[in-house]
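Below is one structure, written out as structure tokens; the observations come after it.
The values are calculated or read from the model by the stated rules, or taken from the named source; none is laboratory data. In this text, all values refer to a predicted model and were calculated from it rather than measured experimentally. Cβ: placed from backbone, ideal geometry, glycine included. Neighbour counts: every protein chain shown. Note: accessible area is taken over every heavy atom of the protein model, side chains too, but ligands, DNA and RNA are not part of it. Shrake-Rupley method; radii C 1.70, N 1.55, O 1.52, S 1.80 Å.
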Amino acid sequence: MSQLQLAGKLQAFQQSGHRWIARSKTKKKRGHCCVTATAGHVRILDTTLRDGEQSPGAAMTTNQKLQIARQLRLVGVDVIDAGYPFASPADMEAVKMIAREVGNVDDGHVPVIAALARCNKADIDAAWEALRHARRPMIIPFISTSDIHLKHKLNMSRDQALRLASDMVAYARSLGCLQIEFAAEDASRTDPEFLYKILGEVIKAGATTVGIGDTVGYLFPSECYELIAGIKANTPGIENAIISIHCHNDLGLATANTLAGALAGAGQLEVTVNGIGERAGNASLEEVSDYTGIYIQSHKAIVGANTLIDNGVIHQLHFDKDQKELALDEGLRQKELALDEGLRPRVNWSFVDLQVTCGTLGLSTASIKLIGPDGKEHCACGSGAGPIGAAYRAIDNIVKVPMTLLEYSIRSTGKGVDASACTKVLIRGEKGHSSTHALTEATSHRTFSGTGTGSDVVISSVNAYLRALNKMQGFQAEMTRKKQRNLLHVPT
């Protein structure tokens, strides 16, 4: 699913009149706002822009991240995890843009803008540099706490991890950031007594939220409930912090585990749009959104529009029209499915074969075979400074559609020689669709993105380019059809 579709889904949700109603209570401190969960309610943290982007094919440009962040604000997400600023200049710029715009709206809901950082000063400095212009910034320093990660990943003892976590939380607070979420990576496989101890120390150092990660999707719902309940009962100072639950979907239980954590006392639920994320993904925003009206008291929770869970027993309830704002209804689900269908690009050009020659002795060349809209095979050659440029030139020689490549990016998923290339491109037609902003009168030109994933970098890049091209041609064809329909229905 494209980033345009993600933003479209969120826009449809907002336009339908639904909003999260598990709103947090807000209080201000020394220039920044600090959000704390109201007793009995939960807040929603969406990490689509950070954890979601780790899903193969889900790489986003800076502008696409900003567009999705705008929609997340409109549907009422409490906290937007905007990214990992230390990772790259592009990530830094994306978080800055989101903090400055989405984190500083003049009216309406203003979400917390968060950024991830490892427990070291360079990461934390980068996060604060990106976030400091937001009205409600939050730094998320993280470190693994399980023995298996400490030994084989960090080569660190428990005491070293505890001291480092406490010191870095205190350092983040010293920069002026009033909201700190300490994230315990692989908390679900951590010795409970050590987990209680390290969480107590980071709360003492200034953490306002403690994130509990089921990093490998390891838990069953009953175990997740026991984990959160144990933290709530045994962690020193936990009454001064919010417990956040972050679940992965390796066993298909991310949503169930998230809700079990909420029933046990978690005050923040971490989700992504469509459940995208690393490996099997995360808890799904639209699934958990059926439960965003959760009110937890004495192990009871109102979930969805007509269901009550009381100590694990499901009862059907009936609500009036206003109360149905608790969650998405089936009609919205059907609307989202229709939106998916409407945004799915028509395949005009499909890839068949590719042969490239490259090296240091001259220009790279590429020969490519495509099947066109007419169902016939088309072949062409191209040359360029590298194999990808040569392949793109060969495609241009076949399709003969004037367009400009605006952005190209590539990253790896996986490790070693078995890693896959995830390619992202952004194109614009030279005679493309343009629109004028009603207020600023600025002209913007429609762009089209495409992604490709595979073990071969050049083929991954070709697939990304063709998908963007198919989107562009599909959009142009639709615009032509609309103009023709308008001509046929001119009033007399």
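Test each condition in (1) at pLDDT below 95; (2) open to solvent by less than 40 Å² (accessible area, probe 1.4 Å); (3) of a type in the set (Gly, Ala, Ser) for Gly108 and report the one that comes out false.
(2)
Right, Gly389: buried (at least 17 other Cβ atoms within 10 Å of the Cβ), in contact (Cβ under 8 Å) with a residue 12 or more places away in the chain and within 17 Å of Asn348 (Cβ to Cβ) or not?
The answer is no for Gly389.
Is there any pair with a first residue in segment 71-94 that is more than 20 Å from Ser289 (Cβ to Cβ) and a second that is of a type in the set (Gly, Ala, Ser) and surrounded by fewer than 24 Cβ atoms within 10 Å (Cβ to Cβ) whose Cβ atoms are under 8 Å apart and which are 6 or more apart or on different chains, and what are they?
Within 8 Å, the pairs are Pro85/Ala126; Phe86/Ala122; Phe86/Ala126; Ala90/Ser409; Met92/Ala126.
When the residues of segment 34-54 are filtered to those that are open to solvent by 20 Å² or more (accessible area, probe 1.4 Å) and polar (S, T, N, Q), which remaining residue is modelled with the highest pLDDT?
Of segment 34-54, the ones open to solvent by 20 Å² or more (accessible area, probe 1.4 Å) are 36-41, 50, 53-54.
This time we only want the ones that are polar (S, T, N, Q), so: 36, 38, 54.
Working: Thr36: 43, Thr38: 45, Gln54: 87.
Out of the qualifying residues, it is Gln54.
Are any residues in segment 413-425 open to solvent by 20 Å² or more (accessible area, probe 1.4 Å) and not acidic (Asp, Glu), and if so, which ones? Explain how you work it out, then say what you get.
First, pick out the residues of segment 413-425 that are open to solvent by 20 Å² or more (accessible area, probe 1.4 Å): 413-420.
Within segment 413-425, Thr413, Gly414, Lys415, Gly416, Val417, Ala419, Ser420 meet the criteria.
Among the residues of segment 170-186, is there at least one that is open to solvent by 10 Å² or more (accessible area, probe 1.4 Å), of a type in the set (Ser, Thr, Tyr) and either within 23 Å of Arg43 (Cβ to Cβ) or outside any helix (DSSP H, G or I) (or both)?
No - not one qualifying residue is present in segment 170-186.
Could you tell me whether segment 116-128 includes any residue that is outside any loop (DSSP other than H, G, I, E, B), out of contact with any strand residue (DSSP E or B) (no Cβ under 9 Å at 6 or more places or on another chain) and not β-branched (Val, Ile, Thr)?
yes
Any idea how many residues of segment 205-263 are small (Gly, Ala, Ser), part of a helix (DSSP H, G or I) and open to solvent by less than 30 Å² (accessible area, probe 1.4 Å)?
Residues in segment 205-263 being small (Gly, Ala, Ser), part of a helix (DSSP H, G or I) and open to solvent by less than 30 Å² (accessible area, probe 1.4 Å): 6 in total.
Look at Tyr408 and say whether it is of a type outside the set (Gly, Ala, Ser), open to solvent by 40 Å² or more (accessible area, probe 1.4 Å), modelled with pLDDT of 85 or more and out of contact with any Asp or Glu (no Cβ under 9 Å at 6 or more places or on another chain).
For Tyr408, the condition - of a type outside the set (Gly, Ala, Ser), open to solvent by 40 Å² or more (accessible area, probe 1.4 Å), modelled with pLDDT of 85 or more and out of contact with any Asp or Glu (no Cβ under 9 Å at 6 or more places or on another chain) - is met.
Looking at Arg100, is it assigned to a helix (DSSP H, G or I), open to solvent by 20 Å² or more (accessible area, probe 1.4 Å) and charged (D, E, K, R)?
In short, yes.
Restricting segment 384-434 to residues that are assigned to a strand (DSSP E or B) and touching a Cys at 6+ places or on another chain (Cβ under 6 Å), which is farthest from Ile368 (Cα to Cα)? Lay out the reasoning, then the answer.
To start, the set of residues in segment 384-434 that are assigned to a strand (DSSP E or B) comprises 384, 403-413, 420-429, 434.
Those left that are additionally touching a Cys at 6+ places or on another chain (Cβ under 6 Å): 411, 413.
Numbers: Arg411: 24, Thr413: 26 Å.
Only one residue tops the list, namely Thr413.
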